[in-house]
Every structure is written in C-alpha cells, then in structure tokens.
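The values are calculated or read from the model by the stated rules, or taken from the named source; none is laboratory data. Note that the coordinates shown come from a computational prediction; the quantities given were computed from them, not determined experimentally. In this analysis, Cβ positions are derived from the backbone assuming ideal geometry, glycine residues included, and neighbour counts consider all displayed protein chains. Calculation scope for accessible area: heavy atoms of the full protein, side chains included, ligands and nucleic acids excluded. Shrake-Rupley method; radii C 1.70, N 1.55, O 1.52, S 1.80 Å.
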Amino acid sequence: MDGDGDVDPGRDDLPLRANTNHILVRHYVLDLDIHLQTKIITGTVVLFLEPCQVAGDGNGAGEGAPTPPQPSQTDDSWEDESHRDFTLVLDCCDLTVSKVEELDVTSVSDMQGLLKEVKGEGSGVEPQPDSQSAVLIQRLISLPSTQWKKQHHLYFQCSHAPASEGGGPLIFHTDRWSLQVRKRGVRTLQEFPRALRVCYETKPEGGSVRWTKDQDNRSCVYTAGSPINNRALFPCQEPPVAMSTWQAQVRAPRECVVLLSGENHAQPTYLHHTGLSSWDYYVTMPMPASTFTLAVGCWRQATAQLSTAQLTLPVQGTRAGASHTHAGSLDLNPFTNMDHPVITSPQSTLVYSGLKDEKHSESDCSGLGDDNFTCCHADYPCPFTDPSAWSQEVVPHRMFAPPSLLQKAQVQILPLLPGCLAAAHATLGVHPFPRLDVLIVPAGFSSLGMASPHIIFLSQSVLCGEREGDGARDGVGGERDLSLCGSRLCHELSHSWFGLAIGARDWTEEWISEGFATYLEDIIWARAQQLSSEETEEQSKLKALLRWRRLSDELQNSEEQLQILRPNMESTGQVSESGSSLVKHALNPEKTFMQVHYLKGYFLLRFLASKVGQECFLHFFRLFVKKYHGQLILSQDFLQMLLETFPDMEGQGLNLEAIYADWLDRPGIPKVAKWIGLSPSVGKGRKRKKAGLKVNFKEVMPEQLVLLLELLLEEAELSVTSLRTIKRTYDLQKQDAEVRHRWCELVVKHKYAQAYGDVEHFLIHDQAMGVYLYGELMVQEDSRQQALARRCLSLVQNEMDQSARRVVEEMVL
C-alpha cells in the first residue's frame, strides 16, 4: 500500500479498528532489527491477551458509531472460511505480516511455578491441558506490581517459546487499516489463544516512522508522532483504553544509539558475530501503545564538560565496544557516560534550589484537600506511593544530539533541564516517570517538540543563535536566547502529567493535553527563571496577547469544524459494540499545523483560573493529578471535579453545560477581552537601571520583538531603509525562530529582496515552522518569490514530514 492513496479525501477520519471491548493486549514484547540501508524494520511482536469481562460494558455505541470492521471484499477465502470464528482485530498499516502463531507457554519451565500457585489457590482441580496456557497467561498478567521483575522475566521467556503444535497455524488477513487473526474452530473469545507471536517487517513508506538523514548526513530513523500513530511500526491496539506495558529488544548498527520510551537507562550489548549492538528497554506503567517511541541514529550524549576534540571528531572513528581508554587518550565512544545520567549540572543557567521550599498559601487555598489519597489506577509500581519520589525535584536525565549540534545542546539545553524539572515538580508534584532523555531530532521534524514516556524530541529550531557558518559560541547569549528553548522544554515536560500520566480517553479532545501544556509552560518557565511576581505577570500577559492574536488569525482562516475542542460532543468517548471508532479529522493534513487546541484550550484554562485565582487553580491541578494519574479522562472529569471543588463558580453562571456550550462544542471563542487583563504596561520590558535617554534595543525580549514585527506586518508599506535598519538594530538573523519567522513574513510581504537569503535559510533549517511561509511566497504572485519557494521545496522535500510535504506541495505545485 502506498501512503494514503486509498483514503477518500472527503473522509479525513482515522479508523481505530481494534476490538478492545472484546479482548485487550496487556503486554507487548518487541524483538526488532533496524536496517538503515534498506529502510525497514524486521522482527516480531508478542502479544499477551486478556478477554474482557463483559464485552461493551459501559461503552455503548452512540448514534453514528462505526460498525465492526469488515475484511476486504476482494478476499473471498477470508469471507467464506471460518466466518463464524472469533476474530482478533489489531490496528495495522503498511506492514508485511509473514506469520502469526500461538505460543506454547506451557513449555517454559519457569512458568510451571505459576501453575502450581494456581492449583494451591483453587479447589485442587488441575486445569485441563488445553486450558493450561490460558490459566498461565492470566496468572502472569495478574501478578502484583511488587513482582514486576519476575513478571517481565516470564514475559520475555514466553516470547521465545515455540509455536503451539495443537490446532495448526493461525490464519490472518490484512486490509488497509487492520490485521485480523482467527484460529479455526474457535468461536468464543474465551477459547482464543492468549499469547500470539506476529512475524512482520515494516515498509519504507510506512507513516509511523521517519527514515531520514540527521544534520550530519547520517542515516537515522525515529517515530515522528504520525497521525496514524504506531500501527505502521507494529500491530497493536491503538484505542487509548488499551493500556498496556511493553519491553523491547532492538538491534542496530554498533555506531548507533537506540533511544526508546523505557524506564531504564539501557546499556548496549555488542554482538560480535553480527557487528550490531543490542538494546533492551521496558516500562511497568500501562499506557496506550500510541505513546511508544523509538529513535535510532548516530546521536552523541552531551555532558557537563566536553572537550573541543570530542565535539569535532567523527563518530565513525569510534572503537565501539572498548571497555576503557588508556590514560591520556580521548574516549570517542558515543555511549560514554550512558550509565551516568546527569542529575545536576554545575553550569546550570537556572538556579532551582529555591524551588523546593515553595508552599501554597493555606489561607488562600484552604479546604482543597490534603496529601492523604489512594491511587485509583490499575496496579503498577507507582511513584506516587514512593515517599522518596515526593522530594525528588530532578529526575536523572540525558541530552542527545547529532555531533554537529552537540555543543549547542550542551550549552543551551542541558543547563536548563535541572531548573525546568524542579520547577515542574514544584508546580505539579511527583514526576510520573523516573528518568528523561532529550533528543535534537533531524531538520525535517514537523513540530517544535514532542513528548513521550521518558523521552522528549526537540526541533533544532528551539536552538538559538548564529546562522550557519558564523562559528560556534562559547556560551549562551543570555535570557533572550533561552526564551523559546526554555518555554518549549517546559511545554513538553508538562505533558508528563497532562497527556501521558493523564491521557485523553477520546483522542478528539486534544485540548486536554495541548491546552494544559500551553497553560502550564508559562508558569513552569517563570518559576525556572526565578522571576518576581511582577515579572511573571508581565511575561504572562505578553504571551497571552501574542496567543490571542495568533488564535484570532487562525479562527479567521480555518474551517469551523476544525475549531471545535469536543467535536464528538455528547458522543465523546463512545465507541461501537466491538470497541472500534473513528478519530474525527485525524488524517486532515492541515489539522497537523493548526494550534486551535493549544490556544483555545489555553484561554479556557486562563478563564477558569481567573474565577478562582491562579494559586488555588494550580493547587487544584495537584489534587487532580493525585486522583487521576495513570488513568484516561474526558473533559467532563476535569470540569466536574473543578466545579465540585469550587462550588461558588456556579453562582457566577458557570456549570458543565455552559462551559460545553461556550468553549468546547462550538467554533470560535467567547468574547474574553475583559478577562485577558492586558494592561498598558504590556511590552514595556523589564525594569532596568536608568542610563539617561539611551535605549539598548538589543535587550528587547523575544516576545516583544515578535509583537513589534507583527505590528509592522499590519503596515501597508515599509521602505527598504526601514527594513534594513530593523534587521541591523535587532540583529534579527541571530534571534530565535519565532522572531525570525515574523521577520521572514515581513521580508516576503514587502518584497525585500536583499533578505531573501534569510527566508531561504529559514525554510531549509526551520522546517518545523516554515510550512505556511511557502503559501505567503506563492500568494504574492511574484515570480522571484515563487521561484524561491520551489527551490527550497526541491532542496528539502525528501526529508520533510509527509503531512508537511503534502500541504506545501498543494501550495507550490
């Protein structure tokens, strides 16, 4: 199958085919080989299954809910043969499946202990041979979290068990969006095998992973947050309700580093007979399969101190596998310090020691609960039950980048991490995940950042400073250089709580993740900077103004149906009898680049905070996290708890129905100017010592520059002299990507040919932000600008994200 060729362009909904109301995958064991040259991944995934107690319980099909998926009508044999047998349906796309087999877990000697335990607990009746496997798997799935190491050991042993000899091979069928599996003669899900091994390989065009080159022209692959999620990486159950754990063994070329969403700091094992390295990761917290993340490439780890030689010598000269280096020699191993994650950095730009004693005012927020609570989620080793986790402000973390960006990552991002982690902890409480990796991904990444369990991807666009060829700087240029980088880092960190530890039960409610992260990024970043109350308020108002302008522009230039935060309205969270559903507009390429869920969600939270006070609102966030971590929610869960916690809100005309009607179930946004609270002081800048009448324009904050350039964009004409002066005065080519983006818009609008090189550089090196700049170049109907757009597209189209490329090609070609 090639791309999305058989998707009706009039139907941009993503089908979730898995029959999760019938049977659930509780654990995945992946065994994968990465082939960078051929751009495929080969291997197996083993699924450990548990039948649902009552199919469809609590999830009745709403009006218009999709029917259970039907096999391809062209495959008569699949339709005719065993059509009454129970069918396991998995989400699957662009995979070549060669075999599906039932595993004989009774042959695993270590599993016999579980069988003995079962006999001891029951009536003494020994399970029948044909049901022993089901009993063993159920017992394995049900082991308490205190025995997670034993459980994962047994999962791994079972994943290598031979195929079951009884009943013959399983039959399977693939269509555009699913893999369907049956066992001949098995009519009920209770009789269906509980452990399956799927042998498969990915396709180079598969949408779940990006095969590309990094900034040093070295081959790499990573999961890119595709609209189709991970179904083109491994067959899985994609509906969020299918919460599972996983473990993965990944083999890759020995010069590569394998990063994966796992709890452990994996160490590579060198396989001398193959020349590969093997990496093992695991998670113990059940999460949707869509959150599984992988990145394989010649990444280097940034450390607190790096020599010039380490920054410049190529990775390919590494003697991989060397256990030590001689005294005085240079260690070029890309895995140096893999077992020593950074916890603090002596060079930290931000001081975070003062955050640990920050307390919420009991007088202002009295009666909002206490620290006595019981976890409400499924059993797993939860950090919220570990007393030491409550005081751990900074979790172990590592920073990775391609060699050419290593110094920037070391100087700009690594020092920020301790302060931002501590500020996030001060704001939201216990870190849900025990460690963190941060990676600068290739230039074709279509977003500024993406958060997954234990790993954050950042675009190179968050790095600040010089143009290519200006030379490396020794340090960070100051607060103005850090603004985009720090705020984006705080945004992605916020997702550890809202988006991952607490997820949306219905994927159409993206605002639960993105709106919350946008709201929290300002608070966490201000705390990380140790700003005063006055400075925090000033920064908050300025960012609110910029977001309001951006949201207003987007609402005027987008379809109304894409502006609704709860598009399924009263049917939100409902699925068909089997558990299948559709995600509205998920395949619409334009939606990928819209920010309405970020910005409209942000303003809703800002509105709600204005009703109770921000301090109490943040205290409520901590209470909400305590109650709902490890679970999936709908909008109503958050709003209902908020209204119950602050009953006075109803006297202000706020109830669930009113919030739905005004904010979630309609396009546009209510008139909110009266509570945005933008004072005349916004944009004046930080207070500084008086120095006569002289103004240091180079100390203007990035957000102030963005606002200035946006206001200049409203001017009908600007002279070449004015544009030249603006660029020189503010040193625009060395500002962050947000500022440079507005500058490029100004250049295009006023056809300032002398700065077309800035536009070209932006489109090539800041692909995460340049999509609609192509449209502005084309709409001017200027032949030189249109030629510039076509030239830039030809240079980067092979490394662009598929959605971005499709949107740009429609504009340019």
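Checked against (1) open to solvent by less than 30 Å² (accessible area, probe 1.4 Å); (2) touching a Leu at 6+ places or on another chain (Cβ under 7 Å); (3) among the aliphatic types (A, V, I, L, M), Ile171 passes all but a single condition, namely (2). Please determine, by comparing only the residues of segment 503-517 that are touching a His at 6+ places or on another chain (Cβ under 7 Å) and not small (Gly, Ala, Ser), which one is least open to solvent (accessible area, probe 1.4 Å). Looking at residues that are touching a His at 6+ places or on another chain (Cβ under 7 Å) and not small (Gly, Ala, Ser), I get Trp511. A count restricted to segment 635-652 and to residues that are of a type in the set (Ser, Thr, Tyr) and open to solvent by 60 Å² or more (accessible area, probe 1.4 Å) stands at 0. In the set (1) farther than 25 Å from Ile659 by Cα; (2) at pLDDT below 95; (3) surrounded by 22 or more Cβ atoms within 10 Å (Cβ to Cβ), the condition left unmet by Gly465 is number (3).
Residues in segment 635-663 that are in a loop (DSSP other than H, G, I, E, B) and among the hydrophobic types (A, V, I, L, M, F, W, C): Phe646, Leu654. Scanning segment 83-114 for residues that are modelled with pLDDT under 90 and either open to solvent by less than 30 Å² (accessible area, probe 1.4 Å) or within 26 Å of Phe156 (Cα to Cα) (or both) returns Gln112, Gly113, Leu114. Being under 21 Å from Ala224 (Cα atoms), free of Cβ contacts under 8 Å to residues at least 60 places away in the same chain and of a type in the set (Gly, Ala, Ser) is a property that Gly770 has. Looking at segment 468-491, can you tell me whether even one residue there is assigned to a loop (DSSP other than H, G, I, E, B), under 17 Å from the mean Cα position of the chain (by Cα) and modelled with pLDDT of 95 or more? No, segment 468-491 has no match at all.
The sole residue among Ser459, Ser446, Ser452 that is open to solvent by 10 Å² or more (accessible area, probe 1.4 Å) and modelled with pLDDT of 95 or more is Ser452. Scanning segment 601-638 for residues that are over 22 Å from the mean Cα position of the chain (by Cα) and β-branched (Val, Ile, Thr) yields a total of 1.
Inspect all residues belonging to segment 518-530 and state whether any of them is open to solvent by 30 Å² or more (accessible area, probe 1.4 Å), over 25 Å from Pro239 (Cα atoms) and small (Gly, Ala, Ser). Within segment 518-530, none of the residues are open to solvent by 30 Å² or more (accessible area, probe 1.4 Å), over 25 Å from Pro239 (Cα atoms) and small (Gly, Ala, Ser). For segment 696-724, residues that are open to solvent by 30 Å² or more (accessible area, probe 1.4 Å), of a type in the set (Val, Ile, Thr) and at pLDDT 95 or above total 2.
Please tell me if Tyr222 is touching a residue at least 24 places away in the same chain (Cβ under 8 Å), closer than 30 Å to Ala586 by Cα, of a type outside the set (Lys, Arg) and touching a Cys at 6+ places or on another chain (Cβ under 9 Å). Here the answer is no, as Tyr222 does not meet what is asked. Flag not set for Glu238, criterion: in a loop (DSSP other than H, G, I, E, B), open to solvent by 40 Å² or more (accessible area, probe 1.4 Å) and among the charged types (D, E, K, R). Evaluate the following for Gln754: is it open to solvent by 40 Å² or more (accessible area, probe 1.4 Å) and modelled with pLDDT under 95? No; evaluated as a whole, the condition is false for this residue.
Checking the structure you have, find out if any residue of segment 226-233 is buried (at least 22 other Cβ atoms within 10 Å of the Cβ) and either in contact with a helix residue (DSSP H, G or I) (Cβ under 7 Å, 6 or more places away or on another chain) or without any contact (Cβ under 8 Å) to a residue 40 or more places away in the chain (or both). Scanning segment 226-233, I find at least one residue that is buried (at least 22 other Cβ atoms within 10 Å of the Cβ) and either in contact with a helix residue (DSSP H, G or I) (Cβ under 7 Å, 6 or more places away or on another chain) or without any contact (Cβ under 8 Å) to a residue 40 or more places away in the chain (or both), so the answer is yes.
Against the test of being in a helix (DSSP H, G or I) and either farther than 18 Å from Leu428 by Cβ or open to solvent by 10 Å² or more (accessible area, probe 1.4 Å) (or both), the options Leu618, Leu604, Leu608, Leu632 yield a single qualifying residue, Leu604. With respect to the stated conditions, Ala501 fails to be at pLDDT below 95 and under 23 Å from the mean Cα position of the chain (by Cα). Starting from residues that are β-branched (Val, Ile, Thr) and more than 18 Å from the chain's Cα centre (by Cα), keep the ones in segment 564-600 and report whichever is surrounded by the most Cβ atoms within 10 Å (Cβ to Cβ). Checking each candidate, the answer is Val575. Once segment 196-217 is narrowed to residues that are assigned to a loop (DSSP other than H, G, I, E, B) and in contact with a helix residue (DSSP H, G or I) (Cβ under 8 Å, 6 or more places away or on another chain), the residue that is farthest from Pro453 (Cα to Cα) is Asp216.
For segment 725-751, the candidate set comprises residues that are among the charged types (D, E, K, R) and within 15 Å of Gln460 (Cα to Cα); within that set, the residue that is most open to solvent (accessible area, probe 1.4 Å) is Lys734.
Looking at segment 346-399, which of the residues that are outside any loop (DSSP other than H, G, I, E, B), open to solvent by 30 Å² or more (accessible area, probe 1.4 Å) and at pLDDT below 55 is nearest to His265 (Cα to Cα)? Per the stated criteria, the residue is Ser353. Hey, does segment 148-167 have a residue that's open to solvent by less than 50 Å² (accessible area, probe 1.4 Å), over 21 Å from Leu88 (Cα atoms) and in contact (Cβ under 8 Å) with a residue 60 or more places away in the chain? Yes; the residues of segment 148-167 include at least one that is open to solvent by less than 50 Å² (accessible area, probe 1.4 Å), over 21 Å from Leu88 (Cα atoms) and in contact (Cβ under 8 Å) with a residue 60 or more places away in the chain.
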